[in-house]
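Here is the structure we will look at, set down as structure tokens.
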Amino acid sequence: MPSLPEETPAYLSNAEADVLCFAMRYALDRQTTAPSIVSDEIVRLWPRLQPWQQDQIQKELRHQSTYLKAWNDERWHKVLNLKKKE
């Protein structure tokens, strides 16, 4: 995976974080490469999400776990296991 350039801002903009959340919602329970791509991108960008954004992503994943057919998906579990900033 490519690394981020040196001049990368500490946090994603709200719009960038929103797009990441929209992509996650789209990718949930898809039988395509979307879950792999999106979950890998969330992991890569996790340090650049603000604590409330990290919390939102993990809360939505937990909530969706009651509805998803393929919830035994390691790709989403790795996002749930990420440490949140304090």
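In region 46-56 there is at least one residue that is among the aromatic types (Phe, Trp, Tyr) and either modelled with pLDDT of 95 or more or not in a loop (DSSP other than H, G, I, E, B) (or both). Taken together, the residues in region 25-45 that are outside any helix (DSSP H, G or I), under 11 Å from the mean Cα position of the chain (by Cα) and loosely packed, with under 15 Cβ neighbours inside 10 Å amount to 0. Quick check, is residue 41 on the phi < 0 side of the Ramachandran plot and modelled with pLDDT of 95 or more? Here the answer is yes, as residue 41 does meet what is asked.
Scan region 51-64 for residues that are under 12 Å from the mean Cα position of the chain (by Cα) and closer than 9 Å to residue 84 by Cα and the total you get is 2.
The residues of region 10-24 that are touching a helix residue (DSSP H, G or I) at 6+ places or on another chain (Cβ under 7 Å) and either free of Cβ contacts under 8 Å to residues at least 24 places away in the same chain or outside any loop (DSSP other than H, G, I, E, B) (or both), listed by number, are 17, 20, 21, 23, 24.
The values are calculated or read from the model by the stated rules, or taken from the named source; none is laboratory data. Note that the structure is a prediction, hence the values are computed from the model and not measured. For neighbour counting, all protein chains shown are included, and Cβ atoms are generated from backbone atoms with ideal geometry for every residue, glycine included.
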